[in-house]
Amino acid sequence: MHRSLFNILSGRNTRQGLWGLPLLVALLISLWLTVQTTQFATAENLFNLVAQAMPLIIVAIGQLIVVLIGGLDLSVGSVISLTTAMLALDQPAIVLIPAVFVLAALIGLINGLAITRFNVHPIITTLSTQYIVLGITRILRPVSGGTVPEIVINSVSGSLLGVPYPVFWGITVILVAWKLLYGSRYGLYLFAIGGGIASGAESAARNFGVSDRRDIVLAYVVCSCFAAVAGVFLAGRIVSGDPNVGLLFELDAITAVALGGTQLSGGIGSLHGTVIGALVMALLANGMNLANVSPFIQTAIKGGILLAVVGLQSRKKMGL
Amino acid sequence: MAAVLANRIARRLRHIPPSYFVFIVLLATLWIARPNMLNLNIMGIFIRQIVPLGILVLGQLVVMRVKSIDLSGGGIILLINYFISSGSFPGAGLPFFIMLALATGLVIGLFNGLMIGNRRVSAVIVTLAVSIILVGLVQFLSSGNPPGDVPRLFNDLYNTKFLSVPTPVLFWILLTAAVSLLLSRTVFGRYIASVGENAEAAHFSGVPVQRTVVLAHTLAGLIAAIAALVQTGSIAVGSVRVGLDLPILAVAATILGGVVFGRGDGGVWGPFFGALCFALLFVVMTVLGVDEPGKLIAQGVIILGAAIFYGVRVRTP
C-alpha cells in the first residue's frame, strides 16, 4: 500500500478526504500557543482542553455519520439542550438516562423517516425538528436551572490514576465510532450509500443489495444518540439543565466535520479527520480565550472558518 | 397515508398551496374564539407587523425556485438596523440610508450567489455562515447592547395609512405584484422556472444556469435589505436581536405557500398567504394563551407538515 505524504496532505485518491492538512494546522496552533503563552502547555490546560473539546468531538462524530450518507442534521444542538433539560428534571438517574436516549432515538427516527419515507430534504426535516425540540426544551425548562443526578456529575469530574474522566469518555466514544465505521458491515454501507448519492446515482448502493432507506434512518438515529451522549456530558459539566447550551452547536459540528476533510456531499470522510477537526475548533477557542478575544468576534471567526473550509470543497450539485 | 393522498380528489386538492387551507382554518378559529377581533383596524395592525416577513418571503421564494435557500436575511436585517441606529453616519438622511441598505443587501446577496452558483458551496452553509459572521460582527460593534435610536422619519413613514390600509401592507402587496410580474412576464422569470425544473436540461437549452442562480441570490439580498428597512421602521429602535428568526419563518411561509425547492406551484401569492398565515397564527396563539415555546413547536410542525405534503406528492406517479 503505497501512499505518498503529498497524497495524505492533499486527500487525493482517498475515501478519507483531506485530513492531513487540518492535523498540520492543529500542530501549528498548538506550537504557536505554546510559544506565545505560558499557560497553554500545562497539564491542567491540556486536560481542560480535552474536556472542553469533548462535547464537540462527540457531536461531530455523530454528524459525520449523516454527512457520510450525504445528509445533514441541524437538530443536534436542540437535542443537546433537551438532554440537559431532561437530566435536570429531579428524577432518579436510572429513569432519566434511558429516557434521554429513547427520546433522542425517537427524534432521529422522525428525521430519518421524514427523509426516506416522505422524501423531505434532510435540511428542511432537521430544521423543523430543531424548532420542535427547542420548543419542547423551553417548556421543560424556560431558563437554566435544576440539578443533574449525582452520578452524571461524578462521571465527568473525577479522575483515575491522574487522568481525568473526560479522557476516558473520549476514548470510549472514539472506539465505538471506530467499530461502527470501520469494523462493521454498516460502516461500509454508509460509505457506499454516500458515494452513490455524491455521484448522482442515488440507487447505486440499493442495486448492490444495501437497503439504503433503513440504513439512512439508522444513521439519523445514531447521530441523535451521539448528540444525547454529548448532552449528558455537558449536563455533568454545567451541573444543571440549560435550554440554550446547544445553541449553534450543529454549526460547530458541521464546521469540525468539514474541517476534518469530510466532503459534505457524502461518501468521503474519516473518523480521525473529524476528531482532528473538532480539536482544531477547540484549540482555536482555547487560544482565543487565552488571548481575550471577544466572544462575539469568536462567533464571527467560526462562521468565517465554516465558510472557508466548505468553500474550498468542490462538488457537482448546485444549490442546497 | 400515501394511499389516501394518491386518491384522485386529494390529488386535485394538492395542487392548491397548503397556505390557503391553513389561512381559512386559522381565520375560522379566530372567528370562533374572538369574533370581535376580525375587523379591518385590528387585522391591519397584525398584518402590518409581519410585512418584513412577507417581504423576506419574496426573496426566499425566488431562491427556492432555483433549488437554493437563503438564511442570511437575519444577518442582513441586523446589520442594516445597526447602520441606521448606531449613529455612525451623523446627519445622514432617509435617501442615504435607503441607498446604503440596498447596497449592503446587493453586496451580500451577490457574495452568496457567487459562492453558491460559481463555487457550488451548499447554500445552507454559506448563508448560515454569512448570517453568523454578520450577527457576531454587529454584536461585537455594539458590545452586546442595543445601539441608539432610529431617525424619527422611519417610524413616521411606517405609521402612515392610505385609504385606511397601513402603507407598509400596501407596499408589501405592490412588491409582491412586482415579483409576480418579474417571474411570469420576463425572460429572467422563465430562466428561474427552467433552472428549478431541471438545471441540466436548462443548461443544454442554453439557459445561463450559473448566472440565473447568482442573480436570484442577489435579488434575494436586495429584497432582504428592503425587509430590513421596513423592520427598522417598525421597531423604531436599534436592536441586536431583531429579525433573527425571520429567515426560518420565511422558509416556512414559502413552503406553506406551495413553493418547494425547484417547484413553483404556489406562484407568488401562495407564499404571500403563507406569510399571512403566520400573522394569523401568532394572533390565534396569543389569543389561546400559547407562549413562545409553543410557537417554536408550531413553526417546526408547519414546516415539516407542509414539506411532507409536498414530499409525498413527488413520489406519487
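Derivation of every value follows stated rules applied to the coordinates shown; laboratory data play no part. Treat the numbers as computed from the prediction; the structure is a model and nothing was measured. Ideal geometry is used to build each Cβ from the backbone, glycine not excepted, and the neighbour counts take in all protein chains shown.
Remarks
- Here the Karplus curve 6.51 cos²θ - 1.76 cosθ + 1.60, taken at θ = phi - 60°, turns the phi angles of region A:75-92 into couplings of 8, 4, x, 5, 4, 4, 4, 4, 4, 5, 5, 5, 5, 8, 7, 6, 10, x Hz, with x standing for Gly and Pro.
- Between the residues B:Gly274, A:Ser294, B:Tyr82, the greatest Cα displacement towards the positive end of the dipole of the protein assembly as shown, with unit charges on the Cβ of Lys, Arg, Asp and Glu, is found for B:Gly274.
- Efficiency of FRET between A:Ala105 and A:Asn48 - r from beta-carbon atoms, R0 45 angstrom, step 0.05: 0.90
- Total charge dipole magnitude, the protein assembly as shown, about the Cα centre, Cβ charges on Lys, Arg, Asp, Glu only, Debye to nearest 20: 1780 debye
- Pair A:Lys317, A:Leu247: separation of 7 Å Cα→Cβ label points (nm): 3.0 nm
- Applied to region B:15-24, the Karplus parametrisation 6.51 cos²θ - 1.76 cosθ + 1.60 on θ = phi - 60° returns per-residue 3J(HN,Hα) values of 7, 8, x, x, 4, 5, 5, 4, 4, 5 Hz, with x for Gly and Pro.
- Averaging the Cα positions of each part gives two centres, and for region A:254-320 and region A:80-143 these lie 25 Å apart.
- Divide the volume of the convex hull around the Cα atoms of region A:41-312 by the residue count and you get 127 Å³ per residue.
- Percent of Cα pairs in region B:91-132 per distance bin of 5 Å, from zero to the largest separation: 5, 23, 21, 17, 11, 10, 7, 3, 0.
- 3J(HN,Hα) along region A:138-151, derived from phi through the Karplus expression 6.51 cos²θ - 1.76 cosθ + 1.60 where θ = phi - 60°, amounts to 5, 5, 4, 8, x, 10, 5, x, x, 10, 8, x, 3, 4 Hz, with x in place of Gly and Pro.
- Label point 7 Å beyond Cα of A:Ser240 along Cβ direction - residues of region A:89-114 with amide nitrogen under 17 Å: A:89-91
- Mean residue ellipticity (222 nm) of chain B, computed from DSSP H runs ≥ 4 via -39,500 (n - 2.57), nearest 500: -23500 deg cm²/dmol
- Fewest-first ranking of B:Asp149, B:Asp70, using other Cβ atoms within 10 Å as the exposure measure: B:Asp149, B:Asp70
- Take each residue of peptide A:135-145, count the partner chain Cβ atoms within 10 Å of its Cβ, and average: the result is 3.
- Least to most buried among A:Cys225, B:Cys277 (fewest other Cβ within 10 Å first): A:Cys225, B:Cys277
- Taking amide H as placed 1.01 Å from N in the peptide plane, the amide H of B:Val66 sits under 5 Å from that of B:Gly262, each at least 5 places away or on another chain.
- Peptide B:131-140 has a mean shielding of 6, counted as Cβ atoms of other protein chains within 10 Å of each residue's Cβ.
- Extreme residue, positive dipole direction of the protein assembly as shown, given options B:Gly105, A:Val217, B:Phe154 (C-beta unit charges): A:Val217
- Across peptide B:62-70, the mean count of Cβ atoms from other chains lying within 10 Å of each residue's own Cβ comes to 2.
- Set of lysines with alpha-carbon distance to B:Lys67 below 19 Å, sequence-local pairs under 8 removed: A:Lys316, A:Lys317
- Theoretical FRET efficiency, 1/(1+(r/R0)^6), r = Cβ-Cβ of A:Asn154 and A:Val293, R0 35 Å, to 0.05: 0.60
- Distant-in-sequence amide contacts of B:Lys161, defined by a placed amide H-H separation under 5 Å and a gap of 5 or more residues or a different chain, comprise B:Thr167.
- For region B:16-65 and region B:197-236, distance of Cα centres in Å: 23 Å
- Among A:Gly231, A:Leu113, A:Ser265 the positive-end extreme of the charge dipole of region A:41-312 (Cβ point charges): A:Leu113
- Over the residues of chain A, the helix contribution to mean residue ellipticity at 222 nm works out to -23000 deg cm²/dmol, using -39500 (n - 2.57) for each DSSP H run of at least 4.
- Square roots of five times the Cα gyration tensor eigenvalues for the protein assembly as shown, Å: 39, 29, 26
- With the convex hull constructed from alpha-carbon coordinates only, chain B shows a mean projected area of 17.5 nm² over all directions.
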